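Student: What follows is a single structure, and I will ask about it in a moment.
The values are calculated or read from the model by the stated rules, or taken from the named source; none is laboratory data. Because the structure is predicted, anything quoted here is derived from the model rather than measured. Here the Cβ positions follow ideal geometry from the backbone for every residue, glycine too, while neighbour counts run over all protein chains shown. Quick note on the areas: whole protein, heavy atoms, side chains included, nothing else; ligands and nucleic acids left out. Shrake-Rupley method; radii C 1.70, N 1.55, O 1.52, S 1.80 Å.
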Amino acid sequence: MSGDPGSAVDTGSFRDRDGRIYSHGDRIIRGISANALAEFKKLESTAFYTRFLQNGQLVESKLLKPENVQLSPEIMQQWAGFIEHRRIPVITYAYEWTFSMLRDAALLQLDLLEAALQEGMTLKDASPYNIQFDGGKPVFIDIASFETLPAGAPWAAYRQFCEMFLFPLMLQAYKGIHFQPLMRSGIDGVGVQTAAKLFGFRDRLRAGVFSHVWLQAKLDRRYGNTQQNVRSDLKKAGFNQAMILANVRKLGKLIKKLSWQGEDSEWGGYEEFHNYSKSDHRLKEMFIHDSVAGSEAGVVWDIGCNTGQFAKIAAQHADYVLAMDLDHFTVERLYRDTRETGIKNILPLVQNIADPSPDWGWRNRERLDLSKRIRPDMVLCLALIHHVVISANVPMEEFVSWLAELSDQVVIEYVSRSDDKVKALLRNKDDRYSDYSRTELEKHLGKYFRIVRQQAMESGNRYLYWCARFEAGLDNSHR
(Lines give C-alpha, C1' and ligand atoms only; values in the text may rest on other atoms or scores of the structure.)
Protein backbone atom coordinates (compact mmCIF):
# COMPACT_ATOMS: atom_id res chain seq x y z
CA MET A 1 0.00 0.00 0.00
CA SER A 2 1.27 3.44 -0.86
CA GLY A 3 3.27 4.96 1.98
CA ASP A 4 2.67 1.94 4.22
CA PRO A 5 4.27 -1.27 2.93
CA GLY A 6 3.37 -3.12 6.14
CA SER A 7 -0.40 -2.67 5.66
CA ALA A 8 -2.88 -4.22 3.26
CA VAL A 9 -6.53 -3.42 2.69
CA ASP A 10 -8.99 -6.31 2.98
CA THR A 11 -10.32 -6.61 -0.57
CA GLY A 12 -13.64 -8.00 0.65
CA SER A 13 -14.49 -5.17 3.05
CA PHE A 14 -15.46 -2.43 0.59
CA ARG A 15 -19.25 -2.85 0.70
CA ASP A 16 -19.68 -1.01 4.02
CA ARG A 17 -19.25 2.69 3.22
CA ASP A 18 -18.79 3.42 6.93
CA GLY A 19 -15.64 1.35 7.34
CA ARG A 20 -12.77 -0.64 5.87
CA ILE A 21 -10.57 -3.44 7.19
CA TYR A 22 -6.76 -3.31 7.10
CA SER A 23 -4.19 -5.89 8.10
CA HIS A 24 -0.96 -4.57 9.57
CA GLY A 25 1.43 -7.39 10.36
CA ASP A 26 -0.58 -9.66 12.65
CA ARG A 27 -3.02 -6.89 13.53
CA ILE A 28 -6.56 -6.44 12.15
CA ILE A 29 -7.64 -2.78 12.18
CA ARG A 30 -10.95 -1.34 11.03
CA GLY A 31 -11.19 2.29 9.95
CA ILE A 32 -14.64 3.76 10.68
CA SER A 33 -16.59 6.90 9.83
CA ALA A 34 -17.76 9.46 12.37
CA ASN A 35 -21.23 7.91 12.34
CA ALA A 36 -19.85 4.40 12.87
CA LEU A 37 -17.60 5.68 15.65
CA ALA A 38 -20.59 7.10 17.51
CA GLU A 39 -22.49 3.83 17.05
CA PHE A 40 -19.55 1.79 18.36
CA LYS A 41 -19.32 3.93 21.50
CA LYS A 42 -23.03 3.38 22.05
CA LEU A 43 -22.61 -0.36 21.43
CA GLU A 44 -19.84 -0.58 24.04
CA SER A 45 -22.22 0.84 26.67
CA THR A 46 -24.88 -1.85 26.18
CA ALA A 47 -25.32 -4.87 28.43
CA PHE A 48 -25.76 -7.31 25.54
CA TYR A 49 -22.40 -6.35 24.02
CA THR A 50 -20.60 -7.27 27.24
CA ARG A 51 -22.58 -10.49 27.57
CA PHE A 52 -21.87 -11.74 24.05
CA LEU A 53 -18.20 -10.77 24.38
CA GLN A 54 -17.89 -12.80 27.57
CA ASN A 55 -19.53 -15.77 25.84
CA GLY A 56 -17.00 -15.58 22.99
CA GLN A 57 -19.72 -14.87 20.42
CA LEU A 58 -18.45 -11.40 19.48
CA VAL A 59 -14.92 -10.74 18.32
CA GLU A 60 -12.86 -8.83 20.86
CA SER A 61 -12.52 -5.21 19.74
CA LYS A 62 -10.99 -2.04 21.17
CA LEU A 63 -10.99 1.58 20.10
CA LEU A 64 -7.46 2.73 19.34
CA LYS A 65 -5.79 5.98 20.24
CA PRO A 66 -4.34 7.66 17.12
CA GLU A 67 -0.76 7.01 18.19
CA ASN A 68 -1.48 3.26 18.38
CA VAL A 69 -3.00 2.87 14.92
CA GLN A 70 0.31 2.76 13.00
CA LEU A 71 -1.27 2.99 9.54
CA SER A 72 -0.21 5.41 6.83
CA PRO A 73 -1.15 9.11 7.06
CA GLU A 74 -3.23 8.63 3.92
CA ILE A 75 -5.37 5.99 5.63
CA MET A 76 -5.49 7.91 8.90
CA GLN A 77 -7.05 10.89 7.12
CA GLN A 78 -9.86 8.78 5.64
CA TRP A 79 -11.49 7.73 8.90
CA ALA A 80 -12.74 9.29 12.12
CA GLY A 81 -11.58 6.38 14.28
CA PHE A 82 -9.97 2.96 14.30
CA ILE A 83 -10.93 -0.29 16.01
CA GLU A 84 -8.56 -3.23 16.46
CA HIS A 85 -10.07 -6.72 16.37
CA ARG A 86 -8.66 -10.02 17.55
CA ARG A 87 -7.42 -11.91 14.52
CA ILE A 88 -9.49 -14.96 13.58
CA PRO A 89 -7.13 -17.83 12.58
CA VAL A 90 -8.78 -18.48 9.22
CA ILE A 91 -11.58 -16.76 7.31
CA THR A 92 -14.11 -19.16 5.78
CA TYR A 93 -17.21 -18.70 3.67
CA ALA A 94 -20.77 -20.02 3.94
CA TYR A 95 -20.38 -22.17 0.82
CA GLU A 96 -17.62 -24.06 2.67
CA TRP A 97 -19.77 -24.74 5.75
CA THR A 98 -22.01 -27.64 6.67
CA PHE A 99 -25.73 -27.46 7.35
CA SER A 100 -25.25 -27.22 11.12
CA MET A 101 -22.54 -24.56 10.75
CA LEU A 102 -24.87 -22.35 8.70
CA ARG A 103 -27.70 -23.09 11.13
CA ASP A 104 -25.58 -22.14 14.16
CA ALA A 105 -24.47 -18.96 12.41
CA ALA A 106 -28.09 -18.05 11.60
CA LEU A 107 -29.12 -18.54 15.22
CA LEU A 108 -26.24 -16.35 16.43
CA GLN A 109 -27.33 -13.64 13.98
CA LEU A 110 -30.88 -13.77 15.34
CA ASP A 111 -29.77 -13.89 18.98
CA LEU A 112 -27.63 -10.80 18.49
CA LEU A 113 -30.41 -8.98 16.68
CA GLU A 114 -32.96 -9.80 19.38
CA ALA A 115 -30.60 -8.62 22.13
CA ALA A 116 -29.73 -5.45 20.20
CA LEU A 117 -33.39 -4.59 19.58
CA GLN A 118 -34.13 -4.78 23.29
CA GLU A 119 -31.55 -2.04 23.86
CA GLY A 120 -32.58 0.20 20.97
CA MET A 121 -30.10 -1.04 18.38
CA THR A 122 -30.25 -3.25 15.31
CA LEU A 123 -28.06 -5.01 12.74
CA LYS A 124 -28.09 -3.23 9.41
CA ASP A 125 -27.26 -6.35 7.42
CA ALA A 126 -27.55 -10.12 7.76
CA SER A 127 -24.68 -11.74 5.89
CA PRO A 128 -23.03 -15.03 6.90
CA TYR A 129 -19.75 -13.44 5.83
CA ASN A 130 -20.04 -11.37 9.03
CA ILE A 131 -19.66 -14.57 11.05
CA GLN A 132 -16.61 -16.80 11.37
CA PHE A 133 -15.89 -20.06 13.18
CA ASP A 134 -13.26 -20.06 15.87
CA GLY A 135 -12.77 -22.40 18.79
CA GLY A 136 -15.50 -24.68 17.43
CA LYS A 137 -18.29 -22.08 17.44
CA PRO A 138 -19.57 -19.10 15.41
CA VAL A 139 -18.21 -15.65 16.24
CA PHE A 140 -19.69 -12.40 14.93
CA ILE A 141 -16.95 -10.16 13.53
CA ASP A 142 -18.68 -7.21 11.82
CA ILE A 143 -18.91 -4.86 14.81
CA ALA A 144 -19.72 -1.91 12.52
CA SER A 145 -22.97 -3.63 11.53
CA PHE A 146 -24.62 -2.50 14.79
CA GLU A 147 -26.52 0.78 14.64
CA THR A 148 -29.33 2.64 16.37
CA LEU A 149 -32.80 1.43 15.38
CA PRO A 150 -34.69 4.32 13.74
CA ALA A 151 -38.19 4.88 15.13
CA GLY A 152 -40.82 3.04 13.09
CA ALA A 153 -38.26 1.35 10.84
CA PRO A 154 -38.71 -2.28 9.73
CA TRP A 155 -35.97 -4.89 9.87
CA ALA A 156 -34.03 -3.73 6.83
CA ALA A 157 -31.98 -6.94 6.56
CA TYR A 158 -34.93 -9.37 6.63
CA ARG A 159 -34.72 -10.25 2.94
CA GLN A 160 -30.95 -10.64 3.11
CA PHE A 161 -31.34 -12.98 6.08
CA CYS A 162 -33.80 -15.09 4.10
CA GLU A 163 -31.64 -15.26 0.99
CA MET A 164 -28.37 -15.98 2.79
CA PHE A 165 -29.50 -18.06 5.76
CA LEU A 166 -33.12 -19.20 5.75
CA PHE A 167 -33.62 -20.28 2.12
CA PRO A 168 -30.37 -22.29 1.92
CA LEU A 169 -31.22 -24.05 5.20
CA MET A 170 -34.79 -24.85 4.16
CA LEU A 171 -33.70 -26.15 0.75
CA GLN A 172 -31.25 -28.50 2.47
CA ALA A 173 -33.68 -29.60 5.19
CA TYR A 174 -36.84 -29.91 3.09
CA LYS A 175 -35.56 -30.79 -0.38
CA GLY A 176 -32.15 -32.35 0.20
CA ILE A 177 -30.61 -29.71 -2.10
CA HIS A 178 -27.05 -28.96 -1.03
CA PHE A 179 -26.81 -25.23 -0.45
CA GLN A 180 -23.06 -24.85 -1.06
CA PRO A 181 -23.24 -24.79 -4.89
CA LEU A 182 -26.13 -22.31 -4.70
CA MET A 183 -24.24 -20.03 -2.32
CA ARG A 184 -21.11 -20.23 -4.45
CA SER A 185 -23.00 -19.41 -7.66
CA GLY A 186 -24.45 -16.18 -6.25
CA ILE A 187 -22.56 -13.93 -3.88
CA ASP A 188 -25.83 -12.60 -2.46
CA GLY A 189 -27.23 -16.05 -1.71
CA VAL A 190 -30.41 -17.73 -2.97
CA GLY A 191 -32.70 -15.05 -4.38
CA VAL A 192 -36.34 -15.01 -3.35
CA GLN A 193 -37.59 -15.72 -6.88
CA THR A 194 -35.13 -18.58 -7.27
CA ALA A 195 -36.25 -20.05 -3.96
CA ALA A 196 -39.90 -19.76 -5.02
CA LYS A 197 -39.14 -21.79 -8.15
CA LEU A 198 -37.23 -24.46 -6.22
CA PHE A 199 -40.07 -25.02 -3.75
CA GLY A 200 -43.08 -26.73 -5.31
CA PHE A 201 -46.77 -26.05 -4.65
CA ARG A 202 -47.01 -28.72 -1.95
CA ASP A 203 -43.95 -27.31 -0.19
CA ARG A 204 -46.10 -24.34 0.85
CA LEU A 205 -47.45 -26.56 3.62
CA ARG A 206 -43.98 -26.88 5.14
CA ALA A 207 -43.15 -24.57 8.03
CA GLY A 208 -41.93 -21.17 6.81
CA VAL A 209 -42.29 -21.74 3.07
CA PHE A 210 -45.63 -19.99 2.58
CA SER A 211 -44.82 -16.86 4.59
CA HIS A 212 -41.10 -16.42 3.96
CA VAL A 213 -40.80 -17.76 0.40
CA TRP A 214 -44.10 -17.74 -1.48
CA LEU A 215 -45.60 -14.60 0.05
CA GLN A 216 -42.33 -12.66 -0.08
CA ALA A 217 -41.84 -13.65 -3.73
CA LYS A 218 -45.37 -12.48 -4.54
CA LEU A 219 -44.79 -9.12 -2.84
CA ASP A 220 -41.45 -8.78 -4.61
CA ARG A 221 -43.10 -9.27 -8.00
CA ARG A 222 -45.78 -6.73 -7.13
CA TYR A 223 -43.63 -3.98 -5.60
CA GLY A 224 -40.09 -4.75 -6.77
CA ASN A 225 -40.22 -2.50 -9.84
CA THR A 226 -42.58 0.20 -8.56
CA GLN A 227 -41.78 3.64 -7.22
CA GLN A 228 -43.63 2.92 -4.00
CA ASN A 229 -41.61 3.54 -0.83
CA VAL A 230 -42.45 0.39 1.14
CA ARG A 231 -40.34 1.35 4.14
CA SER A 232 -42.07 4.70 4.43
CA ASP A 233 -45.47 3.01 4.14
CA LEU A 234 -44.58 0.57 6.92
CA LYS A 235 -43.49 3.43 9.17
CA LYS A 236 -46.75 5.26 8.55
CA ALA A 237 -48.68 2.08 9.29
CA GLY A 238 -47.20 1.97 12.77
CA PHE A 239 -44.46 -0.64 12.29
CA ASN A 240 -42.58 -0.93 15.55
CA GLN A 241 -39.88 -2.70 17.49
CA ALA A 242 -42.28 -5.27 18.94
CA MET A 243 -43.19 -6.46 15.44
CA ILE A 244 -39.55 -6.96 14.52
CA LEU A 245 -38.91 -8.86 17.74
CA ALA A 246 -41.89 -11.14 17.07
CA ASN A 247 -40.60 -11.92 13.56
CA VAL A 248 -37.06 -12.55 14.81
CA ARG A 249 -38.28 -14.93 17.52
CA LYS A 250 -40.50 -16.84 15.09
CA LEU A 251 -37.56 -17.21 12.71
CA GLY A 252 -35.42 -18.52 15.55
CA LYS A 253 -38.03 -21.17 16.42
CA LEU A 254 -38.32 -22.15 12.76
CA ILE A 255 -34.58 -22.52 12.25
CA LYS A 256 -34.12 -24.52 15.46
CA LYS A 257 -36.60 -27.07 14.11
CA LEU A 258 -34.84 -27.44 10.76
CA SER A 259 -32.76 -30.60 10.58
CA TRP A 260 -30.79 -32.62 8.06
CA GLN A 261 -29.63 -36.17 8.66
CA GLY A 262 -27.76 -36.61 5.41
CA GLU A 263 -28.33 -38.80 2.40
CA ASP A 264 -26.45 -41.96 1.48
CA SER A 265 -22.82 -41.08 2.06
CA GLU A 266 -19.90 -43.19 0.92
CA TRP A 267 -17.86 -42.12 3.91
CA GLY A 268 -20.56 -41.38 6.49
CA GLY A 269 -19.70 -44.62 8.25
CA TYR A 270 -15.98 -44.69 7.54
CA GLU A 271 -15.10 -46.34 10.85
CA GLU A 272 -17.47 -49.21 10.06
CA PHE A 273 -16.82 -49.59 6.32
CA HIS A 274 -13.13 -48.90 5.64
CA ASN A 275 -11.24 -51.92 4.31
CA TYR A 276 -8.26 -51.86 6.69
CA SER A 277 -7.40 -54.68 9.07
CA LYS A 278 -7.15 -53.66 12.73
CA SER A 279 -3.37 -53.94 12.64
CA ASP A 280 -3.08 -51.84 9.47
CA HIS A 281 -5.41 -49.25 10.91
CA ARG A 282 -3.25 -49.04 14.02
CA LEU A 283 -0.11 -48.72 11.89
CA LYS A 284 -1.72 -45.83 10.02
CA GLU A 285 -2.72 -44.07 13.23
CA MET A 286 0.80 -44.33 14.62
CA PHE A 287 2.35 -43.12 11.35
CA ILE A 288 0.13 -40.01 11.36
CA HIS A 289 0.82 -39.41 15.05
CA ASP A 290 4.61 -39.62 14.62
CA SER A 291 4.69 -37.64 11.35
CA VAL A 292 2.68 -34.66 12.60
CA ALA A 293 4.50 -34.64 15.93
CA GLY A 294 7.87 -34.75 14.18
CA SER A 295 6.94 -32.12 11.62
CA GLU A 296 6.39 -29.36 14.20
CA ALA A 297 3.64 -28.10 11.89
CA GLY A 298 1.48 -25.31 13.24
CA VAL A 299 -1.26 -25.54 10.58
CA VAL A 300 -2.28 -28.88 9.07
CA TRP A 301 -4.70 -29.47 6.23
CA ASP A 302 -6.39 -32.87 6.15
CA ILE A 303 -7.79 -33.07 2.61
CA GLY A 304 -10.23 -35.90 2.16
CA CYS A 305 -10.65 -36.10 5.93
CA ASN A 306 -13.62 -38.50 5.92
CA THR A 307 -15.04 -38.46 9.47
CA GLY A 308 -11.98 -36.68 10.86
CA GLN A 309 -10.37 -39.59 12.67
CA PHE A 310 -6.87 -38.63 11.56
CA ALA A 311 -7.55 -34.90 11.83
CA LYS A 312 -8.12 -35.52 15.53
CA ILE A 313 -4.72 -37.20 15.80
CA ALA A 314 -3.12 -34.25 13.99
CA ALA A 315 -4.91 -31.83 16.33
CA GLN A 316 -3.05 -33.34 19.28
CA HIS A 317 0.18 -31.83 17.92
CA ALA A 318 -0.73 -28.96 15.56
CA ASP A 319 -2.11 -25.57 16.54
CA TYR A 320 -4.86 -25.71 13.94
CA VAL A 321 -6.28 -28.38 11.62
CA LEU A 322 -8.48 -27.71 8.61
CA ALA A 323 -10.40 -30.93 7.96
CA MET A 324 -11.86 -30.96 4.45
CA ASP A 325 -13.93 -33.33 2.38
CA LEU A 326 -16.29 -33.04 -0.57
CA ASP A 327 -18.80 -35.32 1.18
CA HIS A 328 -21.10 -32.89 2.98
CA PHE A 329 -22.49 -35.36 5.48
CA THR A 330 -19.13 -36.63 6.70
CA VAL A 331 -18.04 -33.05 7.37
CA GLU A 332 -21.40 -32.37 9.00
CA ARG A 333 -20.84 -35.28 11.37
CA LEU A 334 -17.36 -34.03 12.17
CA TYR A 335 -18.65 -30.54 12.99
CA ARG A 336 -21.33 -31.96 15.28
CA ASP A 337 -18.70 -34.13 16.96
CA THR A 338 -16.21 -31.31 17.54
CA ARG A 339 -19.01 -29.06 18.81
CA GLU A 340 -20.23 -31.68 21.28
CA THR A 341 -16.80 -32.80 22.48
CA GLY A 342 -15.32 -29.31 22.70
CA ILE A 343 -12.44 -29.82 20.26
CA LYS A 344 -11.46 -26.24 19.47
CA ASN A 345 -8.58 -26.53 16.99
CA ILE A 346 -10.29 -28.48 14.19
CA LEU A 347 -12.22 -26.51 11.57
CA PRO A 348 -14.38 -28.77 9.34
CA LEU A 349 -15.00 -27.52 5.79
CA VAL A 350 -16.86 -28.82 2.75
CA GLN A 351 -14.21 -28.57 0.05
CA ASN A 352 -13.51 -30.42 -3.19
CA ILE A 353 -9.83 -30.06 -3.99
CA ALA A 354 -10.52 -30.81 -7.65
CA ASP A 355 -13.01 -27.91 -7.68
CA PRO A 356 -11.89 -25.69 -4.78
CA SER A 357 -13.22 -22.37 -3.57
CA PRO A 358 -11.99 -19.83 -6.14
CA ASP A 359 -11.02 -16.20 -6.11
CA TRP A 360 -14.45 -14.71 -6.57
CA GLY A 361 -16.67 -11.65 -6.34
CA TRP A 362 -15.81 -8.10 -7.33
CA ARG A 363 -12.60 -8.09 -9.41
CA ASN A 364 -12.13 -11.70 -8.24
CA ARG A 365 -10.81 -10.32 -4.95
CA GLU A 366 -13.87 -10.21 -2.72
CA ARG A 367 -13.59 -13.89 -1.75
CA LEU A 368 -10.24 -15.63 -1.88
CA ASP A 369 -8.92 -19.09 -2.62
CA LEU A 370 -8.36 -21.00 0.63
CA SER A 371 -4.59 -21.20 0.18
CA LYS A 372 -4.46 -17.37 0.13
CA ARG A 373 -6.32 -17.24 3.43
CA ILE A 374 -4.19 -19.76 5.31
CA ARG A 375 -1.15 -21.77 4.24
CA PRO A 376 -0.57 -25.25 5.65
CA ASP A 377 2.73 -26.34 7.17
CA MET A 378 1.74 -29.94 6.46
CA VAL A 379 -0.89 -31.59 4.26
CA LEU A 380 -2.42 -35.01 4.95
CA CYS A 381 -3.57 -36.86 1.82
CA LEU A 382 -4.84 -40.15 3.19
CA ALA A 383 -6.61 -42.63 0.91
CA LEU A 384 -7.21 -39.77 -1.50
CA ILE A 385 -4.84 -40.13 -4.40
CA HIS A 386 -6.93 -42.71 -6.29
CA HIS A 387 -9.96 -40.43 -6.14
CA VAL A 388 -7.96 -37.50 -7.50
CA VAL A 389 -6.19 -39.36 -10.30
CA ILE A 390 -8.93 -41.79 -11.34
CA SER A 391 -12.24 -40.18 -10.33
CA ALA A 392 -11.30 -36.53 -10.91
CA ASN A 393 -8.96 -37.40 -13.81
CA VAL A 394 -6.10 -35.26 -12.51
CA PRO A 395 -2.70 -36.56 -13.68
CA MET A 396 -0.42 -37.84 -10.92
CA GLU A 397 2.27 -35.31 -11.86
CA GLU A 398 -0.21 -32.43 -11.60
CA PHE A 399 -1.41 -33.55 -8.18
CA VAL A 400 2.08 -33.88 -6.70
CA SER A 401 3.13 -30.55 -8.21
CA TRP A 402 0.13 -28.86 -6.59
CA LEU A 403 1.00 -30.38 -3.22
CA ALA A 404 4.57 -29.11 -3.54
CA GLU A 405 3.31 -25.58 -4.25
CA LEU A 406 0.95 -25.78 -1.30
CA SER A 407 3.14 -27.01 1.55
CA ASP A 408 6.66 -27.93 2.63
CA GLN A 409 5.53 -31.22 4.18
CA VAL A 410 3.11 -33.88 3.01
CA VAL A 411 1.87 -37.20 4.32
CA ILE A 412 0.45 -39.16 1.40
CA GLU A 413 -1.05 -42.63 1.21
CA TYR A 414 -0.74 -44.65 -1.97
CA VAL A 415 -3.56 -47.11 -2.58
CA SER A 416 -2.46 -49.82 -5.02
CA ARG A 417 -4.39 -51.17 -7.97
CA SER A 418 -4.96 -54.45 -6.11
CA ASP A 419 -6.97 -52.64 -3.41
CA ASP A 420 -10.75 -53.13 -3.51
CA LYS A 421 -11.39 -49.38 -3.53
CA VAL A 422 -9.27 -48.83 -6.64
CA LYS A 423 -10.79 -51.85 -8.38
CA ALA A 424 -14.23 -50.37 -7.76
CA LEU A 425 -13.21 -47.04 -9.31
CA LEU A 426 -11.79 -48.74 -12.40
CA ARG A 427 -14.59 -51.27 -12.85
CA ASN A 428 -16.60 -49.26 -15.38
CA LYS A 429 -13.80 -47.16 -16.83
CA ASP A 430 -11.33 -47.52 -19.66
CA ASP A 431 -8.06 -47.85 -17.79
CA ARG A 432 -6.00 -45.06 -19.27
CA TYR A 433 -4.26 -44.30 -16.02
CA SER A 434 -0.77 -45.54 -16.76
CA ASP A 435 0.55 -42.86 -14.40
CA TYR A 436 -1.29 -44.43 -11.47
CA SER A 437 1.44 -46.52 -9.90
CA ARG A 438 3.67 -46.44 -6.87
CA THR A 439 6.70 -46.02 -9.11
CA GLU A 440 5.21 -42.94 -10.76
CA LEU A 441 4.23 -41.47 -7.41
CA GLU A 442 7.74 -41.85 -5.99
CA LYS A 443 9.23 -40.42 -9.18
CA HIS A 444 7.13 -37.26 -8.96
CA LEU A 445 7.58 -36.91 -5.21
CA GLY A 446 11.34 -37.08 -5.80
CA LYS A 447 11.24 -33.91 -7.89
CA TYR A 448 10.25 -31.80 -4.89
CA PHE A 449 10.59 -33.80 -1.68
CA ARG A 450 12.80 -36.11 0.26
CA ILE A 451 11.03 -39.04 1.88
CA VAL A 452 11.54 -38.70 5.61
CA ARG A 453 9.81 -41.95 6.41
CA GLN A 454 7.66 -44.57 4.71
CA GLN A 455 5.50 -47.43 5.90
CA ALA A 456 4.04 -50.39 4.03
CA MET A 457 0.75 -51.72 5.32
CA GLU A 458 0.64 -55.40 6.20
CA SER A 459 -1.97 -55.96 3.48
CA GLY A 460 0.59 -54.99 0.85
CA ASN A 461 -1.99 -52.76 -0.84
CA ARG A 462 -1.23 -49.43 0.78
CA TYR A 463 1.88 -47.35 1.46
CA LEU A 464 2.40 -44.24 3.58
CA TYR A 465 5.00 -41.54 2.91
CA TRP A 466 6.03 -38.58 5.04
CA CYS A 467 7.74 -36.15 2.67
CA ALA A 468 9.55 -32.85 3.25
CA ARG A 469 10.71 -30.31 0.68
CA PHE A 470 14.42 -30.32 -0.07
CA GLU A 471 16.35 -27.86 2.07
CA ALA A 472 19.07 -25.65 0.64
CA GLY A 473 22.13 -27.81 -0.05
CA LEU A 474 20.35 -31.06 0.92
CA ASP A 475 20.61 -33.78 -1.69
CA ASN A 476 18.35 -36.73 -2.28
CA SER A 477 20.88 -39.51 -1.76
CA HIS A 478 19.64 -40.84 1.60
CA ARG A 479 16.01 -41.42 0.70
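Student: Quick one: accessible surface of Phe329, probe radius 1.4 Å, all protein chains present, in square angstrom to the nearest 10.
Tutor: Here the accessible area works out near 40 Å².
Student: How far, in nm, would the chain grow between Glu458 and Asp369 when pulled straight, counting 0.36 nm per residue and subtracting the alpha carbon separation?
Tutor: The span from Glu458 to Asp369 would gain 28.2 nm if fully extended.
Student: How tilted is helix 396-406 with respect to the longest principal axis of the chain? Cα atoms for both, answer in degrees (0 to 90, nearest 10).
Tutor: 50 degrees
Student: How far is helix 34-44 tilted, in degrees, relative to the longest principal axis of the Cα atoms in the chain, given as a value from 0 to 90 rounded to the nearest 10?
Tutor: Between the helix axis and the principal axis of the chain, the angle is about 80 degrees.
Student: Next question, about the same structure. Can you sort Ser145, Ser61, Ser211 by solvent-accessible area, 1.4 Å probe, largest first?
Tutor: Solvent-accessible surface, decreasing: Ser211, Ser61, Ser145.
Student: Something else: Whole percent per 5 Å bin, from 0 to the bin with the longest distance: what is P(r) over all C-alpha pairs of the stretch 54-173?
Tutor: Reading upward from the zero bin: 2, 10, 19, 19, 18, 15, 10, 6, 2, 1, 0.
Student: Beyond 18 Å, what share of the Cα-Cα pairs of the stretch 23-100 is found? Please give it as a whole percent.
Tutor: Considering the stretch 23-100, 52 percent of its Cα-Cα pairs are separated by more than 18 Å.
Student: If you don't mind, there's one more thing I want to ask. Can you tell which of Tyr433, Gly25, Tyr414 lies farthest toward the positive end of the dipole of the chain, using +1 and -1 charges on the Cβ of basic and acidic side chains (Lys, Arg; Asp, Glu)?
Tutor: The residue sitting farthest along the positive end of the dipole is Gly25.
Student: Now a separate question. Starting with the highest mean, order 114-123, 51-60, 201-210 by the number of other Cβ atoms within 10 Å, averaged over the residues of each peptide.
Tutor: 114-123, 51-60, 201-210
Student: In addition: Can you bin the stretch 341-479 into rounded, prolate or oblate? Criterion: square roots of the alpha carbon gyration tensor eigenvalues sorted a ≥ b ≥ c, rounded for a/c under 1.5, prolate for a/b above b/c, oblate for the rest.
Tutor: Here the stretch 341-479 falls in the oblate category.
Student: Calculated from the structure, volume of the Cα convex hull per residue in Å³ equals which of (1) 142; (2) 179; (3) 294?
Tutor: Entry (2).
Student: Distance in nm between label sites at Asp431 and Gln78, each 7 Å beyond Cα in the beta-carbon direction?
Tutor: It is 5.9 nm.
Student: Give the accessible surface of the stretch 317-388 per residue, rounded to a whole number of Å², with probe radius 1.4 Å and ligands, DNA and RNA excluded. Mind showing how you got there, number by number?
Tutor: Values: 2850 Å² over 72 residues.
Computed with neighbouring chains in place, this is 40 Å² per residue.
Student: A further question on this structure: Which value, in debye to the nearest 20, describes the size of the charge dipole of the stretch 137-228 about its Cα centre when Lys and Arg Cβ atoms bear +1, Asp and Glu Cβ atoms bear -1, and nothing else is charged?
Tutor: I would put it at about 480 debye.
Student: A follow-up question, please. Might you tell me the accessible area per residue for the stretch 102-144, computed with a 1.4 Å probe and given in Å²?
Tutor: On the way: 880 Å² over 43 residues.
Each residue of the stretch 102-144 exposes 20 Å² on average to a 1.4 Å probe.
Student: Pull up the DSSP beta bridges for the chain and report the antiparallel fraction as a percent, rounded to 5.
Tutor: Working: 39 of 56 bridges.
So the antiparallel bridges amount to about 70 percent of the total.
Student: Using a 1.4 Å probe on the protein heavy atoms only, what accessible surface does Tyr276 show? Give it in Å² to the nearest 10.
Tutor: Surface open to solvent at Tyr276 totals about 30 Å².
Student: While we're here: Within straight cross-link reach of Lys421, meaning Cα distance under 29 Å, which lysines are found once same-chain residues fewer than 8 apart are removed?
Tutor: Partners within reach: Lys278, Lys284, Lys312, Lys429, Lys443, Lys447.
Student: Let me ask another. Straight-line reach from Lys175: which lysines have a Cα under 19 Å away, not including same-chain ones fewer than 8 places off?
Tutor: Of all the lysines, those that pass the test against Lys175 - Cα under 19 Å, at least 8 places apart if same chain - are Lys197, Lys256, Lys257.
Student: I've got another one for you. Please identify every one of the trypsin sites (Lys or Arg not before Pro) in the stretch 387-442 that sits in a loop by DSSP and has no more than 13 other beta carbons within 10 Å of its own beta carbon.
Tutor: Values: sites: Arg417, Lys421, Lys423, Arg427, Lys429, Arg432, Arg438; in loops: Arg417, Arg427, Lys429, Arg432.
Of the trypsin sites (Lys or Arg not before Pro), the ones in loops of the stretch 387-442 whose Cβ has at most 13 other Cβ atoms within 10 Å are Arg427, Lys429, Arg432.
Student: Kindly sort Ser371, Ser259 by accessible area of their heavy atoms, largest first, with the probe set to 1.4 Å. Could the numbers behind the result be given before it?
Tutor: Details: Ser371 25, Ser259 65 Å².
Largest to smallest exposure gives the sequence Ser259, Ser371.
Student: Here's another thing I want to ask about it. Tally up the carbon and sulfur contribution to the accessible surface of the chain as a whole percent, 1.4 Å probe, everything protein left in place. Intermediate values should be presented prior to the final figure.
Tutor: Details: 10730 of 22120 Å².
Here it works out to 48 percent.
Student: Which value in nm describes the separation of the simple spin-label points at Asp355 and Glu285, placed 7 Å from the Cα toward the beta carbon?
Tutor: 3.5 nm
Student: On to the next question. Could you sort Trp214, Trp362 by accessible area so the largest value comes first, with the probe set to 1.4 Å?
Tutor: Putting Trp214, Trp362 in descending order of accessible area: Trp362, Trp214.
Student: Further question: How much FRET efficiency would the formula 1/(1 + (r/R0)^6) give for Glu67 and Asn393, where r is the Cβ-Cβ distance and R0 is 51 Å, rounded to 0.05?
Tutor: Efficiency for this residue pair is about 0.35.
Student: Still on this model: So if we plug the beta-carbon distance of Leu205 and Glu340 into 1/(1 + (r/R0)^6) with R0 = 22 Å, what FRET efficiency do we get, rounded to 0.05?
Tutor: 0.10
Student: In deg cm²/dmol and to the nearest 500, what is the mean residue ellipticity at 222 nm of the chain if only DSSP H runs of at least 4 residues count, each as -39500 (n - 2.57), divided by the residue total?
Tutor: The helix-only estimate for the chain comes to -10500 deg cm²/dmol at 222 nm.
Student: P(r) for the stretch 376-444, please, calculated from all Cα pair distances in 10 Å bins and given in %.
Tutor: 19, 56, 21, 3
Student: If ligands, DNA and RNA are left out, what is the accessible area of Lys41 with a 1.4 Å probe, given in Å² to the nearest 10?
Tutor: 110 Å²
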